[in-house]
1. Using a Gaussian network model on the chain with a 10 Å cutoff between Cα atoms, which of A393, A101, A40 fluctuates the most?
2. Please give the calculated 222 nm ellipticity per residue for the chain, where each DSSP H segment of at least 4 residues contributes -39500 (n - 2.57) and the sum is spread over every residue; nearest 500 deg cm²/dmol?
3. Using the Karplus equation 6.51 cos²θ - 1.76 cosθ + 1.60 (θ = phi - 60°), what ³J(HN,Hα) coupling, rounded to whole Hz, does each residue of segment 235-247 give in order, writing x for Gly and Pro?
4. Give me the orientation-averaged projected area of the Cα convex hull of segment 288-419, in nm², one decimal.
5. Using 0.36 nm per residue of separation minus the Cα-Cα distance, give me the extension gain between N21 and A100 in nm, one decimal.
6. How high is the relative contact order of segment 25-102, given as a whole-number percent (alpha carbon pairs under 8 Å, six or more residues apart)?
7. How much FRET efficiency would the formula 1/(1 + (r/R0)^6) give for K241 and V299, where r is the Cβ-Cβ distance and R0 is 45 Å, rounded to 0.05?
8. How many nm separate the modelled label positions at S206 and I123, each set 7 Å beyond the Cα in the direction of the Cβ?
Amino acid sequence: MGTEIRTLGDDDVAGWLKALNTGFHRAVELDPEEVALRRATLELDRTRGAFDGGRCVATFRSMPRELTVPGGAAISADAVTNVAVTPTHRRRGLASRLMAADLGAAKERGDAVAILIAAEYPIYGRFGFGPATWVTDWEIDIPRAGLDRRYAGPDPAQGAIELVDGAEVRAFGPALHERVRRATPGAISRSKTWWDLNTGAVVHPSNGWTAPFFAAYRDTATGEVDGLVAYRVNDPHWPNKLPHSDVTVVSLTAATPAAEAALWRHVLSLDWVRKLTTDHRPPDDVLPLLLGDPRAASVETYADFMWLRVLDVPVALSARAYAPLAADLVLDVRDTAGLAGGTFRLETAPDTAPRCTPAPGAAPDLTLDVADLGRLYLGDESALRLATLGLLAEHRAGAAATADVLFRTARRPWCPEVF
Ligand SMILES: CC(C)(COP(=O)(O)OP(=O)(O)OC[C@H]1O[C@@H](n2cnc3c(N)ncnc32)[C@H](O)[C@@H]1OP(=O)(O)O)[C@@H](O)C(=O)NCCC(=O)NCCS
């Protein structure tokens with residue numbers, strides 16, 4: 001009998017979790033309590049497995065998320081995660097079959113796009129995904145940064161930093177995140193589970209939990225929390241009685257420039273700390289420019305992060321904003337999976353909502369693969385660069401340059417979190 005692909009029932013969960021850990025090379029046995037905790041986070045009707053003789057040998061699931069696009073609208077996204085195939089069953093097409101089942105269901109549900117974080121670059125292009133956002137991990141050499149050691153916090157007339165605990169974060173964090181993600185193209189909505197797991201309310205024993213410090217920025221005039229930073233300090237040794245601590249910024253979320261600057265200053269001015277490292281920040285983060293010497297910030301990692309696959313071209317392209325330019329572009333989108341391809345007309349004009357409509361039979365200005373539309377969609381790729389690479393064909397002179405201006409954005413899109 002062949003390997004069966006299907007969604008899970010409750011009895012499948014323990015075996016599915018074991019296959020997930022195996023595919024990610026984690027040889028851990030989960031106890032029944034942890035299985036129950038993890039079961040509570042799964043939507044079984046969109047959690048799939050491949051079963052060989054009853055044994056789960058591949059995993060795949062997706063979650064409903066809203067994705068903010070340039071201009072601030074939110075579209076429905078199928079957020080794919082937990083893609084793992086047991087080493088004895090790899091390269092037999094199981095991930096491909098699971099992907100086809102999930103994307104087919106997402107298309108039927110009406111999701112405009114699918115998104116994921118790729119473990120390795122070569123995996124997902126074949127499924128129509130393109131790298132849509134990039135990230136930078138920074139390392140700051142604090143003694144070089146040129147910061148004033150007399151700094152005693154933000155001007156109280158403007159705002160204040162407060163250390164808060166996990167329960168307080170769970171109270172104000174979701175509303176703060178909603179404000180920030182709606183203003184950040186590339187950012188996604190978060191589930192309650194995210195807050196529980198990232199503030200210690202729920203701990204999966206096999207992952208463990210070390211509480212970070214949480215510092216909030218409260219605006220004096222409004223009384224509102226406008227920003228939050230989570231950080232951990234590592235204090236390994238004091239050679240010659242000199243402190244050598246490192247601070248790792250787990251996340252920094254800010255709704256205003258004042259909150260962003262004050263929270264960075266807070267973590268950059270902690271006593272004893274000589275080095276600050278960040279998680280995946282936007283590549284055009286203001287962080288280096290907050291330092292007296294921006295060269296104290298070095299790039300530790302610069303890499304693709306969130307990959308995006310368009311499922312509905314008219315919905316996706318009508319939802320985002322473009323450069324204020326009157327343009328009429330006919331796009332021939334190729335999609336070998338048969339999900340989103342076709343010919344579409346994109347019409348834009350200053351002060352008018354953009355419109356993208358099917359245009360069967362219209363002469364195309366540009367031809368591109370759906371994966372390359374995924375790269376362009378959030379504004380972080382250049383149509384001219386894709387044309388240079390031979391990934392976008394221009395049939396009307398100037399069409400690629402017009403697409404370049406239309407799609408690019410002033411600030412780069414950013415997905416702040418792993419999902
Ligand atoms: C990556 C992974 C999910 C692929 O699963 P799989 O069942 O082997 O994939 P498929 O057999 O459907 O492969 C489809 C195609 O992708 C290619 N491919 C798959 N994984 C690849 C990789 N890591 N690098 C390059 N090519 C890859 C296959 O060679 C195959 O190519 P073909 O169509 O030209 O024959 C699996 O190897 C795995 O679990 N890896 C470890 C965990 C991981 O990285 N998960 C992804 C998390 S985002």
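The values are calculated or read from the model by the stated rules, or taken from the named source; none is laboratory data. Here the structure is a predicted model, which is why all the values come from computation and not from measurement. For neighbour counting, all protein chains shown are included, and Cβ atoms are generated from backbone atoms with ideal geometry for every residue, glycine included. Surface areas here come from the heavy atoms of the whole protein model, side chains and all, with no ligands, DNA or RNA. Shrake-Rupley method; radii C 1.70, N 1.55, O 1.52, S 1.80 Å.
1. Among A393, A101, A40, the largest mean-square fluctuation in the Gaussian network model of the chain belongs to A40.
2. Theoretical 222 nm ellipticity from helices: -7000 deg cm²/dmol.
3. In residue order, the calculated couplings are 10, x, 7, 10, x, 6, 6, 9, x, 9, 6, 10, 10 Hz.
4. Details: hull surface 41.4 nm².
Result: 10.4 nm².
5. Details: separation 79, 0.36 × 79 = 28.44 nm, distance 2.24 nm.
Fully extending the segment from N21 to A100 adds 26.2 nm.
6. Details: 86 pairs, mean separation 19.2, N = 78.
This gives 25 percent for segment 25-102.
7. On the way: r = 32 Å, r/R0 = 0.72.
Efficiency, rounded to the nearest 0.05: 0.90.
8. Distance between the two pseudo-spin positions: 1.7 nm.
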